[in-house]
Structures are given as structure tokens and as C-alpha cells.
Amino acid sequence: MLKTLRIAVRKLRRIPRSRLKERLVLGVRKYLSDYPYYISIQTVSACNLKCKHCFINDYHTEIHDGVIKIMKLDEFARIAERLKPMIQHAAFFNFSTFEAILNKHLFEMMDLVLSINPKIRFPFLSNTMELSAEKIAQLEKYPVSEINISLDGATKKTVEDFKTEVVYEKIIETIQLLGRSSLKDRIAVTFVAHRNNIHELPQLVDLAHSLGVRQIYVSNILSFTPALAPLALYSPEGNPQAQVFFDEAVRRAAMHKLSISMPRLKPTQIGCQAAETFFVDSNGNVAPCDFLAVTTPFTLFGETVRHPPVIFGNIYKDDPLQIYRKPEFKHFREAHRLGVELPEQCTHCIDAYGLMCSNRIHHTA
């Protein structure tokens, strides 16, 4: 009971005030039911881009067990049937941590999930290159909780230098199309901060405001191999120069009445929220996240490590709910909730230290 209270207090402190009531209800429901509230199925383990900072581009080279695949509809139907009791209790369902729109069966998959749980919602991530007006019109028909667009700079040169084969004008055009749709209040942008674009972060806030975006997420770059490590802004001592740009971005967000969520520049062992997700890869394996589903290397402060995949079971062979309730899976989640005695496989991933997506510092409009 004491451990549960400590976890609850830590979580409450990290939740933005605007989401406090919703998250509190979800937390209580999850605790009482012992079901996951967030499910992620890797219906797409592929991408239309070849960005150097994305770990999928290390598949078959650095990551020899990575599988490039787009799931078929009958495969998904089988997974959905296996997960039916969990879907009935979940609040969110994610169709890929990559570019979900690449799967031509995405909307049929959404229909299938909604037939099991009509109240579930779909977070959606996109680089926008495959997101047309027609597909936006289809997305409008579904309960999309947020549509998160990658925008790693405020100018064409900065954005296109960082993300291979992306087109800056297409990103802006897509955000404008979304702004004229019924999804306009659910648009967010994510900015991956590094040494070559940090100077544009305050300008990005102005750009987001001009496009009608109300939520900005900032993340640090995650180095899988030593090649990208020189781009990182964070350090054991922090980074006063980058903090100036962070502070100015927060100031401008407040001026424009936008919400902005910022990572730290000095690591704090705080745990990773990805551990809360019930993640299933294209083979039915249950892992804590997409990184740990394969042999992903992590580079942090000059040291590169790699571990075998962390697999808690396979939904085709085992009862999915029993996998989620396994003592070793529960222990893994609790370690991240408390931010102590982190699993060895996570000690070189920046997301466990408040430097990337998890446990950002929220500044609410």
C-alpha cells in the first residue's frame, strides 16, 4: 500500500493541471481493474522516410532482429480478438509508433477496435508526407484524441537538413488543412531538439501559433549509436546555453497562450511512461516499448550498450491479460513509476531521465 501511495503522489505531481481530472479517473480505474489503459500495436514497422536519428534505419545493420513489416488486416483481427477483454477496458489505442497511415487497412482496423470499445480514442502520429486531404477527411470520422505532427524547426533548411526526404512546405500545408478540419483543436507538434536546430525553438513557437496549433512537445534527441551523440544538448551538468532557448520558448508560449511540454537538459532518474503501455509487436511479442522489442543499442554520455529484447510473453501463445499481470512485468512498471532501481535495459535510454518524451515539464496555457 505504501508503494502504491508513493507511485500515486509522484504521478499526480507530473500531470498537467488541464489533464488532472481525466488522468486521475484513468489511474483509479487502472488500479482497481488491473488492466492497461493504453494499448499499442505495431501495425506498421516501416516508414516512408529515412531519418538518421530514427532507430528503424538501423534495422538489419545495428539492429539485426528488426523486422520491416506492414500488418495485414486478418493478422490484426486475430490480435484484436486475443486482446478483446483488454480493449474493452482501455482508454487509448495506438496503431503504430511509426507512420500508421502507411497501412492501407488503418481505418478498417479502427472500425474493428471501435466495435469492441466504442469509447476508446486514437492518438495519431505523422510526418505528414502521406497525409492527404482525403485521409484527413477519413480521420475526422474517428475519435482521434490528438494528431501529433513532427516539425523539427521553423525554417525549410533546418527541417529538411534533419529529416531525410521530408518536405517543409508539405508539413505546413497539412497543418493548415488540419486547421480547417474538425480536428483543429487536437493538433500538436513535436520538436526534437538538438545542436543544429535549438536556435529555432522560440521561432517554432511563433510558427505554431500562426498555424493555430495549441500544443507543442519538445524532446531531446536519443542517440542509439555514437554517431548522433555530438548533437545532444543534455549533459550531466545541464546546458545553460540551450536552457536560454528553452526558457524563451516557454515565455513565448505563455505570451501566445499555448501549452508547451519541455524535457530536462540535466538528467534526473524519473522513470519512463512507455512502461505503462501494453505494447505488442508485429509478431505478437509483448515488450515494454518498441525499443526493447528488438536489440536496440543506446548511447549515453560516451557509453554504448545493447541488451537482448525484453519480452514478457507472446499473445498468440499466452493469455494477454496474464502477461500484463505477470510479477516481472508489474515489477518493471513499478520501477519506472517510482524512478528507482531501473531495469538494466533502461539505464542508457534518455527517456528514463526526463530527457525525451516521458515526464516532461508541462507549461499550460
Counting Lys and Arg as +1 and Asp and Glu as -1 over every other residue whose Cβ sits under 14 Å from the Cβ of D319, the net charge comes to +2
Residues other than E108 with Cβ under 15 Å of its Cβ, Lys/Arg counted +1 and Asp/Glu -1, net out at +1
Quick calc, K52 & E248: beta-carbon distance into FRET formula, R0 25 Å, rounding 0.05, result 0.35
Per DSSP, the loop-located trypsin sites (Lys or Arg not before Pro) within region 132-223 having at most 12 other beta carbons within 10 Å are K141, R180
Sorting S132, S96 on solvent-accessible surface, 1.4 Å probe, most exposed first, gives S132, S96
Rounded to 0.05, the calculated FRET efficiency for the beta carbons of E165 and T225 at R₀ = 25 Å is 0.75
So for R0 = 30 Å, FRET eff. of N196-Q269 from the Cβ-Cβ r, to 0.05, ends up at 0.60
Simple SL model, points at 7 angstrom along Cα→Cβ for K157 and V340; separation in nm is 5.1
In this structure, among K104/K170; K52/K170; K184/K257; K72/K104; K104/K135; K84/K330, pairs with alpha-carbon gaps over 18 Å are K104/K170; K52/K170; K84/K330
Those GluC sites (Glu not before Pro) from region 303-365 that are DSSP loop and have at most 16 other Cβ neighbours within 10 Å turn out to be E341
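The values are calculated or read from the model by the stated rules, or taken from the named source; none is laboratory data. On a predicted model such as this, the values are computed, not experimentally measured, just so you know. Neighbour counts are summed over all protein chains in view; Cβ atoms, including those assigned to glycine, are modelled from backbone coordinates with ideal geometry. To get the accessible areas, we keep the full protein, side chains included, count just its heavy atoms, and leave off ligands, DNA and RNA. Shrake-Rupley method; radii C 1.70, N 1.55, O 1.52, S 1.80 Å.
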